[in-house]
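Structure record follows, encoded as structure tokens.
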Amino acid sequence: MKKMLKILAGVLFAALLLSTFWFLWRKTQPQKTVYAIVEPKLDTLKQFVVATGKVQPRDEVLIKPQISGIISDVYKEAGQSVRKGEVIATVKVVPEMGQLSSAESRVTVAKLSLAQTRREAQRTEALHADGVVSDEEYEQALTARDKAEEELQNAEESLEIVQKGITSRYKELSNTQIRSTIDGMILDVPIKVGNSVIQANTFNDGTTIASVADMTNMQFQGNIDETDVGKLREGMPVRLTIGALQNVALDATLEYVSPKAAEDNGVILFEVKAAVAIPDGVFVRAGYSANANVVIESREGVVTLPESTVEFEGDKTFVYVLDGPADADEQRFEKREVKIGLSDGLNIEITEGVTTDDRIRGAKEEQKK
């Protein structure tokens, strides 16, 4: 029994000793690094400058009243389409007591004056018929009567305007009916029935009845950093991405770059604008935030590589080209100088040094012993 235990202990000791030597031998063996192999490919590279901003209607009009009063009716609401000249709301005039009293007094005086001139005209007509009054005096009497009648009509219309803000003779031109001045969509109606409104004049902008815009003519309005503004020029193609519209990209054309900078929290920014083409079936709401990618340079059908495969040493650039079969046990690479072109931040153009038949060293994949 003791002999068996000694043999077992010897075997265990020998196994432990061998495993220790094996572990130490493995640790001393050099590790072999394996790299991913990247194939150059023909691709299109585009270099972008990004501007952030909003998509807004090019023309947005604030409809304001030309008379003060109280809103009596509202016929439209936000989101509805409206034609030029269509009534949006009606204003009820609240007469000012001084003006009302003056207008009523003017009507009374005009009536008295007309009654007197009519009596004088009748007497003059009778005398003219008897040959006592000349034709000239008769015509003067008739003219005075006509003037008195016109004065009464004007006084009554003035009273009507003070009371109602409208005259029956020109009701189609009434200032109490607030009409749209353009064709478009109503974006906002900030007033309600019963609200008091003030007319637009030289001292006051007036109360906004509604804002109307042409939603088929949209414009991107944003800002771009001063380091990129020198690369822009009018007419450049723009690609808009809107966060609220998933998987939708809109084409636009750069049409304005501000000649003057504006400072925002210490950052110098320039305003840019682009005309947006809205495709059929897509509705873009006013004020959507958007990113504009302005294509400042584009290359088609060029040899490209991931930028991570290129090494930069001073003014020179290098890649490592696979020397031998890709499935060899040990990878060997040749360091080769290349010339580069346009980069989009992920891929870079290779103008000289490699072709699509070469295989380029990429990132490390794993390590083997």
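Structural remarks
- Each Lys and Arg adds +1 at its Cβ and each Asp and Glu adds -1 at its Cβ; summed about the Cα centre, segment 178-268 shows a dipole of about 260 debye.
- Residue-wise HN-Hα couplings along segment 50-66, as the Karplus relation 6.51 cos²θ - 1.76 cosθ + 1.60 with θ = phi - 60° gives them from phi, are 9, 10, 10, x, 9, 9, 10, x, 5, 10, 10, 10, 8, 8, 10, x, 9 Hz; Gly and Pro carry x.
- F203-E77 pseudo-label distance in nm [points 7 Å out on the Cα-to-Cβ vector]: 3.8 nm
- Average accessible area per residue (Å²) across segment 241-302 - probe 1.4 Å, nucleic acids and ligands excluded: 58 Å²
- Long-range HN-HN contacts of I340 with modeled amide H, under 5 Å: T351
- Taken one residue at a time, the phi angles of segment 234-245 give Karplus couplings (6.51, -1.76, 1.60, θ = phi - 60°) of 5, x, 5, x, 10, 10, 9, 10, 10, x, 6, 10 Hz. Gly and Pro are set to x.
- Other-chain or far-sequence residues with amide H under 5 Å of A210's (modelled H): I63
- Extension gain, D135 back to T253 (0.36 nm per residue minus Cα-Cα distance, nm): 34.7 nm
- Extension gain, A277 back to E307 (0.36 nm per residue minus Cα-Cα distance, nm): 7.4 nm
- Distant-in-sequence amide contacts of K92, defined by a placed amide H-H separation under 5 Å and a gap of 5 or more residues or a different chain, comprise I70, I71, S72.
- Structure note, pairs K54/K192; K76/K192; K41/K364; K46/K260; K54/K84; K84/K273: Cα-Cα distances above 22 angstrom occur for K54/K192; K46/K260; K54/K84; K84/K273.
- What the phi angles of segment 335-351 give under the Karplus curve with 6.51, -1.76 and 1.60, with θ = phi - 60°, is a coupling list of 6, 10, 7, 10, 10, 10, x, 6, 10, 9, x, 10, 10, 9, 7, 10, 8 Hz, glycine and proline written as x.
The values are calculated or read from the model by the stated rules, or taken from the named source; none is laboratory data. This structure is a prediction, so every number in the text was calculated from the model and none was measured. Note that each Cβ is placed from the backbone with ideal geometry, even for glycine, and that neighbours are counted across all protein chains shown. Remember, those area values only see protein heavy atoms, side chains included, never the ligands or the DNA or RNA. Shrake-Rupley method; radii C 1.70, N 1.55, O 1.52, S 1.80 Å.
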